[in-house]
Every structure is written in structure tokens, then in C-alpha cells.
Amino acid sequence: MNLPNADFKTTRLTKDGRQKFDPVFVRGGEEIVFTVLETPTQMSLMRLKVADGSVERFHPQATTTEFEAAFTPDGRYYCFVQSRSNLNLKLVIRDTKQSKDAIFDPGGGFAGMRRPTIAPDGSRVLFSMADAAGQQIYSVNIQGQDRKTLTKSALNHWPAYSPDGKQIAFGSSRDGDFDLYVMDADGSNVRRLTKSPGIDMRPAWSPDGKRLAFTSNRDGNYEVYVIDTVDLSLRERQPLAEREVYGANPRRITRNAERDDFPAWHPDGKRLVMVCERAGRGDLYLCEVG
Amino acid sequence: MLEIGSFRARLCQGMNRRAFLKAGMLSPFALGLSGLPQSTRAAEKQPRAKSVLLLWLWGAPSHIDTFDPKPNAPAEIRGPFSSIPTRTPGMRFTELLPKLAARSDRFALIRSNKNFHSGHLEAGTLGLTGAADDKDAGLPNFGSIVARHRGAAGLPPFIAVGRGMPRDVVGMMKGYGGGNWGKVYDPFLVNCAEDGAVDVPALKILDGLTPDHLNDRRRLLDELDSVRRKGDQADQAKWDDTCKRAYALLTTPEARKALDLSREEEKTRDAYGQTSFGQSCLLARRLVEARVPYVQVNWSQYVETMTPNCDFGWDTHIYNFEMLMDRHCPILDRVFSTLLDDLHQRGLLETTLVVVLGEFGRTPKINAQASRDHWPNCYFSIWAGAGIQGGRVIGESDKIGGDPLTEPVTPNTVGSTILDFAGLDTQARAELRVLPGGRVIHELA
């Protein structure tokens with residue numbers, strides 16, 4: 001079996017080989033919720049118990065495509081995208097304590113949001129959604145209301161709250177292709193994290209906030225990388241016009257001719273779960289990156 | 001893993017009336033056994049392409065985000081993807097297609113396709129029949145024409161691989177089959193799942209049938225007779241004429257072999273990848289190997305990219321870039337690259353015409369949903385095999401991918417060229433009264 005990288009110990013977590021996306025650790029790392037192409041016409045959220053490898057539907061009664069789940073650390077709230085009608089996606093914010101859903105509806109017609117994520121304190125939800133100027137990062141409160149726009153132009157995507165909730169990492173095409181940036185939680189003070197040819201996407205903060213895992217095709221195909229963000233707290237903040245790159249010390253975590261993507265940190269900050277394509281099969285792998 | 005019909009269907013008590021009637025219309029099965037007479041001209045002339053393999057990218061991929069990037073256009077045209085060099089000097093693709101970029105010497109790329117309708121169902125019909133407008137919706141599919149010209153010598157001469165005939169949430173696309181020529185020229189539809197399981201959707205009429213039944217033809221036919229007696233008398237003749245032949249066809253060693261992906265080496269199946277499109281293309285290669293004259297692999301049954309109960313077509317009105325990055329392009333890049341390698345290594349590429357295209361392109365200007373809408377004025381097609389010289393771009397689009405700068409390659413031209421490769425020259429097409437005046441893309445020679 002090809003492993004993501006001989007430099008890192010890797011464990012294969014699933015074996016069915018179906019197309020998978022968006023894994024995220026929940027319950028202190030005991031479980032992983034991810035998206036799978038369950039049938040030819042439906043993507044579903046699944047729950048993997050790391051201890052025994054068992055997999056079950058996260059929403060047993062779901063009958064339509066659901067994907068991109070995100071959770072608060074305490075597990076009270078989670079959100080996901082739901083396909084409800086023709087080319088129309090809605091954001092579902094679920095309060096597990098109150099057993100209550102809040103819906104953010106982008107309106108009728110062709111519309112939808114992607115990649116929601118919840119603030120660590122459960123106060124707001126970020127997502128990416130198109131507008132006339134491109135695709136922006138928005139936030140709404142936990143009731144799906146009070147929408148605020150955090151970016152203004154270009155295609156902005158994959159927002160991710162820092163563990164302290166004060167910063168947001170995201171990808172943007174504002175300088176040509178997709179690179180990674182970070183801004184304060186109110187959308188101000190944007191700094192560039194990466195500057196490389198090709199696509200840098202899906203930033204994921206380490207639990208201590210000092211590293212970001214992300215996917216990049218800078219070396220020819222999709223691989224997982226880690227970059228340090230510690231400079232953010234050391235350097236004097238500069239406006240984006242300076243074109244300074246704040247990310248440092250990028251390390252390539254995977255090295256395979258096939259695809260490695262969708263990194264997410266274990267709460268211990270030492271392991272990454274990711275979707276790796278091996279022999280044409282898509283499975284979850286746990287990679288110990290130290 | 002050949003499965004015939006649905007073995008766990010809800011039709012526990014035998015035949016469902018609706019399914020029975022549906023089965024009774026399955027006359028293309030007749031092509032497989034009784035066959036159609038091969039035309040004299042077909043017998044006289046060796047076609048340049050013994051088989052045609054059409055990969056139909058239903059829903060319409062963006063040409064600018066794939067094979068016709070515009071790196072110097074404004075951001076609202078160019079999009080977020082970088083372009084990368086290919087093996088062919090001067091030819092660039094977007095970064096989403098690195099494997100195909102490394103194989104650009106194996107195919108010719110046309111960047112000046114043009115359709116005449118912006119609706120999927122209409123443009124799809126034009127794209128697969130060569131009709132000039134949607135008033136000619138009764139024209140036969142290119143595959144139906146090849147089937148009629150070649151006749152049958154075992155397996156059905158026109159096989160469609162996919163979950164169902166192409167459609168959108170509104171309705172069926174008319175140009176999927178025989179059109180006014182009748183259902184006898186419709187494609188024989190087989191479905192291939194991501195794990196390589198093959199089944200024939202139209203035969204999902206009986207409960208209790210298992211693949212083992214195919215090994216006992218007499219028992220199978222006895223059971224079919226039993227089922228027939230339960231059905232409507234008026235439909236029995238059709239049942240006899242079609243379903244028996246279908247099952248009999250599928251019990252032939254040739255058919256069983258062609259449709260059974262478990263006979264493939266594991267590494268070959270892995271190379272195509274565990275996706276429905278990947279395994280469908282592997283099945284298509286096996287059908288070509290079994291000398292099926294025309295195989296159409298449908299990327300999806302539905303055009304819609306993200307709609308309940310639809311199977312993720314290329315119609316990316318929303319989240320165009322995400323869908324292309326995350327799913328569509330990685331799959332196409334892997335599968336088509338593997339198919340080209342596989343055909344080449346088996347010596348099949350020289351005698352197989354491979355064509356890849358959708359019904360149209362997508363808007364040069366990014367829309368208000370940060371995506372792209374329908375654009376029939378300009379799109380791409382890929383042509384490989386059958387002696388086509390690879391590593392060439394034929395036709396050119398303007399600086400924003402809005403219109404062809406060179407003579408447009410219309411559906412009529414596409415069809416005429418496919419048929420010419422398949423052995424239907426101008427006279428043969430005239431005799432069948434198809435694609436009158438059609439221009440052949442001689443630059444592909």
C-alpha cells in the first residue's frame with residue numbers, strides 16, 4: 001500500500017474506497033464526521049468511530065445531499081450544507097441542546113453557500129457565497145441572521161476560524177490564483193499567507209493556532225502541506241498592498257502521484273485526517289505529523 | 001459482477017404492469033441477436049474506425065476552465081485557475097488537467113465547436129444527431145446511424161453506458177436514440193456502478209432473478225415464459241420478441257465476457273478509479289474490444305451538478321470552480337488519461353475513434369453566482385485514435401472564448417466526421433438521408 005509519505009506514520013481509517021470529502025474530528029477526536037458519495041445521486045454525512053472503525057450515517061433519515069459539516073468544540077452546535085432544490089443549497093445550523101434548526105436561505109433560483117464553519121464560542125457561522133463581485137466570506141449569527149460581509153472582491157473561499165476565534169484564514173483569488181490569507185474576525189487587516197503558483201486551498205488551523213494545514217497543487221497534483229502562522233503574532237501587521245507573505249516554513253506532508261486533500265487536525269494537534277486517493281480509491285487516512 | 005435486472009425489486013409477485021410495458025418496448029435488444037442487415041457498402045469498405053467511443057460530458061463543461069484557458073483575459077473571464085503547459089508546444093490547459101496535459105500528443109483538440117441552442121435538451125439533441133435546429137428533433141443519434149449501417153454481429157451495435165438516457169429534471173433529451181427511425185435503433189443501455197457492478201436497468205422487471213440464472217438459459221427462459229403468462233395478452237408478442245432475445249443475448253459467452261469487469265486485472269480497474277465514470281469507461285473499452293461499433297459513455301444521466309436525486313453533471317451554474325476542482329476535473333483527468341493509455345497499450349487506439357465533448361460550453365464572463373452559464377457559441381471537443389494525429393489544436397476561439405475565430409465546427413460537422421470515420425462516406429450518408437451536406441473535419445486526418 002502506498003502511504004501518503006514515508007516520513008509520517010499513516011493509518012488507513014476507511015476501506016470502502018468511495019469518494020469522500022470534508023472530514024472533521026468531533027467528540028474530542030473520538031469520532032470523525034465526513035461526507036461520502038453514498039449513492040450515485042446523494043452525498044451523505046457519515047460518522048466514523050476511530051476506536052473500532054465503524055461507520056454509520058450521521059443523519060440516518062437524510063434523503064437529500066448533505067455535506068461540509070462543521071462543529072463547535074463543545075458539540076452543541078453544528079452546521080452543514082443541504083441540497084434542497086434545483087441548484088439551490090441551504091445552510092442548516094443545528095442546536096443539539098435545543099433540538100432546533102436555524103436555516104440560512106440564500107434565496108430562490110440558482111444559489112447556495114459552501115464551506116460553513118462555526119466560531120469556537122458558537123456565536124457566528126462563516127460561509128462562502130457568491131455575489132456580483134465574485135464570491136465573498138459572510139458571517140451570520142447562530143440563528144442564521146444578521147448577515148455580515150467580510151470580503152469585498154474576487155473569489156473568497158474556505159473560511160476557517162482560528163482556535164481563539166479572533167482570526168479567519170481563507171483562500172482568495174484576489175492576486176490571480178487561489179492563495180491563502182488571514183484576516184481579523186471582523187474582516188479587517190488582511191494578510192497574505194502563501195504565494196505560490198497554482199491552487200492553495202482549504203486552510204485548517206492547528207489547535208494551538210500556530211500552524212495551518214492546507215491543500216495545494218503547487219507540485220503538480222493535490223498534496224497536503226503545513227505552514228507556520230506564528231509570524232502573525234511577531235511581526236508588525238502590514239496592509240496587503242505590501243504583498244508580504246506571512247506564512248512560513250511550508251512543509252509537504254504527502255507525496256503521492258494520486259490526490260491528497262481535505263486535511264483536518266485532531267484535537268491533540270499531532271495528527272491530521274485527510275482524504276487520500278490510493279489505487280483509485282478514496283479513503284480517510286490518519287497521518288501523524290508531530 | 002454482471003447483474004441482470006433488479007434482483008431485490010419491489011416486484012415480489014412477478015411482473016409489474018408498468019415495467020412489463022416498458023420491457024415490451026425494448027426493441028433495441030433485437031439488434032443483438034436477429035441483427036440488422038449490414039449494408040452492402042458497409043461490407044465493401046473497411047472503416048477507418050472499427051469502433052467509435054463517445055464520452056458525452058452531459059451538462060456542458062466550461063471550455064475556459066478546462067481545455068481552452070484564457071490566461072491573458074480579465075479576471076472576470078479568466079477565472080481563478082492557472083494554465084499549464086502540455087506536452088504539445090504552445091498548447092495550454094488549466095491546472096486541473098495535469099495528466100491529460102502530459103498526454104496531449106495522443107489527441108487533437110478542437111476549440112471552435114459551435115452549437116445552435118442554449119438549452120440542454122435541445123442542444124444535446126443537436127449535438128448527438130447533427131440537426132441544425134430543434135425542429136429536427138426526430139433525427140437519429142450518430143450511434144443509431146452507425147448501428148444501421150453496420151448491422152449487428154453479436155453484441156448490440158450501439159450501446160450506451162450510463163444510469164439512464166440523458167435528461168434533466170424537466171424531461172428526456174430526444175436525440176438519445178433512433179428518433180424517427182424507431183426504437184429498434186435506440187442504444188442498448190447498461191449501467192456501471194463505481195464498484196464495477198454492471199446491470200441492465202431496462203430489465204429490472206423480475207424479482208428473484210440472480211446472475212446464476214444466466215448460466216442456465218433453459219431455466220431462465222422457462223421462468224420468463226411463466227412470467228409472460230401472468231402478463232397482459234396484448235403485450236405478450238412484444239415480450240416474446242424482445243425480452244427473450246435480450247436475455248438470450250446476455251447469456252451468450254461474448255456478452256457475459258464483455259460486461260463482466262471482474263475479469264479485468266485489479267491494477268487496470270484501479271487505474272480507472274473507483275468512480276462510476278471510471279468503471280464505465282473501462283466497460284466501454286471492453287465493449288470496443290468485443291467489436292461493438294458504437295459506444296456512448298454518459299458522464300451522468302442528469303445535467304444538474306447539485307440537485308436532489310441528480311447525479312452530478314457538468315451544469316455548474318453554481319460553484320463551477322469548486323465542482324471542477326473537487327470532483328469533475330480530477331475524475332475526467334484520471335479516467336480519460338487511463339483510457340487513452342489502455343487503448344494504446346492494447347493496440348485498440350489505432351482502430352477506435354474516441355471523441356469527448358458536451359452539448360456546449362459555458363459563458364466566458366463569470367456570472368453573479370461566481371460560476372458560468374450556458375454558452376453554445378464556442379466550446380471544445382477532443383478527438384483521438386483511428387489514425388488521428390495527436391498534439392494539435394484545430395480551430396481557434398477568440399481572446400475570451402466567446403466565438404470561434406475559425407470556421408465553426410457544428411454538430412453536423414461533428415456527426416459527419418464521426419460517421420466518415422465509422423465508414424459512412426458522403427454517399428452512404430446520402431443513402432440513409434442523414435447529415436446532408438455535412439463537412440468532414442479533414443484536418444484530423
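The values are calculated or read from the model by the stated rules, or taken from the named source; none is laboratory data. Quick caveat: nothing in here was measured; it's all calculated off a predicted structure. Neighbour counts run over all protein chains shown; Cβ positions are idealised from the backbone, glycine included.
Which number in (1) out of contact with any helix residue (DSSP H, G or I) (no Cβ under 7 Å at 6 or more places or on another chain); (2) modelled with pLDDT under 95 marks the one condition that A:Phe170 misses?
(2)
With respect to A:Leu48, is the statement that it is touching a Ser or Thr at 6+ places or on another chain (Cβ under 7 Å), touching a residue at least 40 places away in the same chain (Cβ under 8 Å) and assigned to a strand (DSSP E or B) true?
The answer is yes for A:Leu48.
Is there a residue being crowded, with 23+ Cβ neighbours inside 10 Å and farther than 21 Å from A:Phe262 by Cβ anywhere in segment A:147-169?
Taking every residue of segment A:147-169 in turn, at least one turns out to be crowded, with 23+ Cβ neighbours inside 10 Å and farther than 21 Å from A:Phe262 by Cβ.
Can you name the residue in segment A:108-135 that is part of a strand (DSSP E or B) and polar (S, T, N, Q) and is also farthest from the other protein chains (Cβ to nearest Cβ) among such residues? Explain how you work it out, then say what you get.
Pass one, segment A:108-135, residues part of a strand (DSSP E or B): A:111, A:113-118, A:124-131, A:134-135.
When the remaining residues are screened for being polar (S, T, N, Q), the result is A:117, A:128, A:135.
Values: A:Thr117: 15, A:Ser128: 9, A:Gln135: 4 Å.
Checked segment A:108-135; the qualifying residue farthest from the other protein chains (Cβ to nearest Cβ) is A:Thr117.
Could you say whether any residue in segment B:318-339 is part of a strand (DSSP E or B) and at pLDDT 95 or above?
Initially, segment B:318-339 is screened for residues part of a strand (DSSP E or B), giving none.
No, the conditions are met nowhere in segment B:318-339.
Which of the residues spanning segment B:407-434 are farther than 20 Å from B:Ile110 by Cα and either in a helix (DSSP H, G or I) or under 21 Å from the mean Cα position of the chain (by Cα) (or both)?
B:Gly423, B:Leu424, B:Thr426, B:Gln427, B:Ala428, B:Arg429, B:Ala430, B:Glu431, B:Leu432, B:Val434
Search segment A:32-43 for residues that are within 17 Å of B:Gln274 (Cβ to Cβ) and in contact (Cβ under 8 Å) with a residue 12 or more places away in the chain and pair each with any residue that is among the acidic types (Asp, Glu) and part of a strand (DSSP E or B) when their beta-carbon atoms are under 7 Å apart and the residues are at least 6 apart or on different chains.
Close Cβ pairs (under 7 Å, with a partner that is among the acidic types (Asp, Glu) and part of a strand (DSSP E or B)) amount to A:Phe34/A:Asp22; A:Thr35/A:Asp22; A:Thr35/A:Glu68; A:Met43/A:Glu66.
Please pick out the residue among B:Asp315, B:Asp333 that is surrounded by fewer than 24 Cβ atoms within 10 Å (Cβ to Cβ), touching a Leu at 6+ places or on another chain (Cβ under 8 Å) and within 30 Å of A:Thr65 (Cα to Cα). Steps first, please.
Numbers: B:Asp315 fails: surrounded by fewer than 24 Cβ atoms within 10 Å (Cβ to Cβ).
When all the criteria are applied, what remains is B:Asp333.
Against the condition under 17 Å from the mean Cα position of the chain (by Cα) and not in a strand (DSSP E or B), how does A:Pro23 come out, does it pass?
Working: under 17 Å from the mean Cα position of the chain (by Cα): yes; not in a strand (DSSP E or B): no.
Taking the combined requirement at face value, the residue does not satisfy it.
When you look at B:Arg103, is it of a type outside the set (Val, Ile, Thr), more than 23 Å from B:Leu343 (Cα to Cα), more than 14 Å from every other protein chain (Cβ to nearest Cβ) and in contact (Cβ under 8 Å) with a residue 40 or more places away in the chain, yes or no?
No.
Any idea which residue in segment A:249-270 is farthest from the other protein chains (Cβ to nearest Cβ), counting only those that are assigned to a strand (DSSP E or B) and in contact (Cβ under 8 Å) with a residue 40 or more places away in the chain?
Looking at residues that are assigned to a strand (DSSP E or B) and in contact (Cβ under 8 Å) with a residue 40 or more places away in the chain, I get A:Trp265.
Quickly run through segment B:144-165 and pick out the residues that are in a loop (DSSP other than H, G, I, E, B), more than 16 Å from B:Ala422 (Cβ to Cβ) and at pLDDT 90 or above.
Residues satisfying the conditions are B:Gly162, B:Arg163, B:Gly164, B:Met165.
Mind listing just one residue for me: the one in segment A:229-262 that is basic (Lys, Arg) and touching a Lys or Arg at 6+ places or on another chain (Cβ under 8 Å) and, of those, modelled with the lowest pLDDT?
Of all residues in segment A:229-262, those basic (Lys, Arg) come to A:235, A:237, A:243, A:251-252, A:255, A:259.
Add one more test, that the residue is touching a Lys or Arg at 6+ places or on another chain (Cβ under 8 Å), and what stays is A:237, A:243.
Values: A:Arg237: 52, A:Arg243: 43.
Within segment A:229-262, the match that is modelled with the lowest pLDDT is A:Arg243.
Given the options B:Ile366, B:Ile388, name the one that is within 14 Å of chain A (Cβ to nearest Cβ), crowded, with 22+ Cβ neighbours inside 10 Å and of a type in the set (Val, Ile, Thr).
The unique qualifying residue is B:Ile366.
Which of (1) touching a Cys at 6+ places or on another chain (Cβ under 8 Å); (2) charged (D, E, K, R); (3) within 30 Å of B:Gly273 (Cβ to Cβ) does B:Arg163 not meet, given it meets every other one?
(1)
Can you tell me which of (1) facing chain A (nearest Cβ under 8 Å); (2) within 29 Å of B:Lys174 (Cβ to Cβ) is the one B:Glu322 doesn't meet?
Here B:Glu322 meets the rest and fails (2).
Looking only at segment B:259-277, filter to residues that are touching a strand residue (DSSP E or B) at 6+ places or on another chain (Cβ under 9 Å) and part of a helix (DSSP H, G or I); which one of those is farthest from the other protein chains (Cβ to nearest Cβ)?
B:Ser262
Residue by residue through segment A:142-176, note down the ones that are away from chain B (no Cβ under 14 Å) and part of a loop (DSSP other than H, G, I, E, B).
Within segment A:142-176, A:Ile142, A:Gln143, A:Gly144, A:Gln145, A:Asp146, A:Arg147, A:Leu150, A:Ser162, A:Pro163, A:Asp164, A:Gly165, A:Lys166 meet the criteria.
Got a sec? Which strands (runs of 3 or more DSSP E) wholly within segment A:54-103 have at least 3 residues that are more than 14 Å from chain B (Cβ to nearest Cβ), more than 22 Å from A:Asp146 (Cβ to Cβ) and not small (Gly, Ala, Ser)? Can you show your working first?
Details: elements: A:55-57, A:66-71, A:77-85, A:88-95.
It comes to A:55-57.
Output the residues belonging to segment B:371-397 that are part of a loop (DSSP other than H, G, I, E, B) and over 18 Å from B:Val303 (Cα atoms).
Those that are part of a loop (DSSP other than H, G, I, E, B) and over 18 Å from B:Val303 (Cα atoms): B:Asn377, B:Cys378, B:Gly385, B:Ala386, B:Gly387, B:Ile388, B:Gln389, B:Gly390, B:Gly391, B:Gly395, B:Glu396.
Could you please find all residues in segment A:210-225 being crowded, with 19+ Cβ neighbours inside 10 Å and not basic (Lys, Arg)?
Answer for segment A:210-225, where residues must be crowded, with 19+ Cβ neighbours inside 10 Å and not basic (Lys, Arg): A:Leu212, A:Ala213, A:Phe214, A:Thr215, A:Ser216, A:Asn217, A:Asn221, A:Tyr222, A:Glu223, A:Val224, A:Tyr225.
Which of the numbered conditions does B:Ile394 fail, given that it passes all the others? Conditions: (1) β-branched (Val, Ile, Thr); (2) within 14 Å of chain A (Cβ to nearest Cβ); (3) farther than 30 Å from A:Arg259 by Cα.
B:Ile394 satisfies all of (1) β-branched (Val, Ile, Thr); (2) within 14 Å of chain A (Cβ to nearest Cβ); (3) farther than 30 Å from A:Arg259 by Cα except (2).
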